[in-house]
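Reading through the structure tokens given below for one structure.
A short reminder: the numbers here are calculations on the coordinates, not readings from a lab. Note that the structure is a prediction, hence the values are computed from the model and not measured. Here the Cβ positions follow ideal geometry from the backbone for every residue, glycine too, while neighbour counts run over all protein chains shown.
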Amino acid sequence: MRRYALSDIIRYMDKEYLINQLSDLSKSLGLDISGDVIGKAVGFSGFRVYSKGDILAREGDDAKSAGIVLNGVIRSYYIDKDGNDITQFFAREGNLCIDSGLLGFTEMKAMWEALEDATVMLFDVKDMKDLIMSDENLKTLWIGVLESGLRYKVYREGSFLVQNATERYLEFRKRYPDLSGRIPQRYIATYLGITPESLSRIRSSLREDANGEAGQAQ
């Protein structure tokens, strides 16, 4: 797939429509972002539709741009020295993606792949940071995003230290109830640090337990 610079992205969507879409998305996430601020962000952003399986960025790519998922699911992942695929994160509607630059890195720290057809709002990191610093609501939002990222890091590290594979899977379903039916099970397995075969056994065991409990209740 051809790699696109931010300046190459065709701004093919109606600006007013995009502002309304982003306003609806911010409200659904409980955020208080004015239409004026959203309009400024739309003004310096590009919007691109990715097909399922497209690679948005590769580890080591320049990190001057970042994105927000408007629809679809995108995952970040690593390839270890043995060639194993390890899923780091699933970005859904409203989540940041290809965001290494926002965290101060000059190069992408992971691979990013579209797991569904996805629309992404792409922007220059410097432009977005300047906008964040100019608006108190955005500053508060950005602090919340950073805190959420730290909580997620603690959760991920803790799950591998104190939970077994079944417990990690149950926690995944609790945290992300809508994702199990949207993404291939093999990627959930790599996110949990287990093989697809082990995940299949866990799912089968949980179904058997549920059926057993239902039978006893009758």
Residues of segment 51-78 with backbone N under 17 Å of the label point set 7 Å from the Cα of Glu116 along Cα→Cβ are 51-54, 68-76
Toy charge model, Lys and Arg Cβ at +1, Asp and Glu Cβ at -1: the chain dipole around Cα centroid in debye, rounded to 20, equals 280 debye
Among Ser65, Ser205, Ser76, the residue with the largest mean-square fluctuation in a Gaussian network model of the chain built from Cα contacts under 10 Å is Ser205
Taking r as the C-beta separation of Leu96 and Gln185 and R0 as 25 Å, the FRET efficiency to the nearest 0.05 is 0.50
Highest GNM mean-square fluctuation among Tyr77, Tyr191, Tyr169, for the chain with Cα springs under 10 Å, belongs to Tyr169
Rounded to one decimal in nm, the spacing of the 7 Å Cα→Cβ label points at Val154 and Lys64 is 3.7 nm
Taking Arg75, Arg175 and counting other beta carbon atoms within 10 angstrom, the fewest-first order is Arg175, Arg75
A correct Karplus calculation of ³J(HN,Hα) over segment 93-103, with 6.51 cos²θ - 1.76 cosθ + 1.60, θ = phi - 60°, whole Hz and x for Gly and Pro, returns 3, x, 8, 6, 9, 5, 9, 4, x, 5, 9
The chain, Gaussian network, Cα under 10 Å: of Lys81, Lys126, Lys139, the residue fluctuating most is Lys81
Kirkwood radius from Cα pairs of the chain plugged into Stokes-Einstein at 37 °C, 0.692 mPa s, gives D in µm²/s equal to 173 µm²/s
So Gln163 and Ser134, fully extended at 0.36 nm per residue minus their Cα-Cα distance, gain in nm 6.2 nm
Taking 0.36 nm per residue of separation between Ile86 and Arg175 and subtracting their Cα-Cα distance, the length gained on full extension comes to 30.1 nm
Here D for segment 6-125, in µm²/s, from Stokes-Einstein with a Kirkwood Rh over Cα pairs at 10 °C and 1.306 mPa s, works out to 107 µm²/s
Between Glu147 and Arg201, Cβ-based FRET efficiency (R0 45 Å, step 0.05) works out to 0.80
Quick note on Phe47, Phe90, ordering by fewest other C-beta atoms within 10 Å, gives Phe47, Phe90
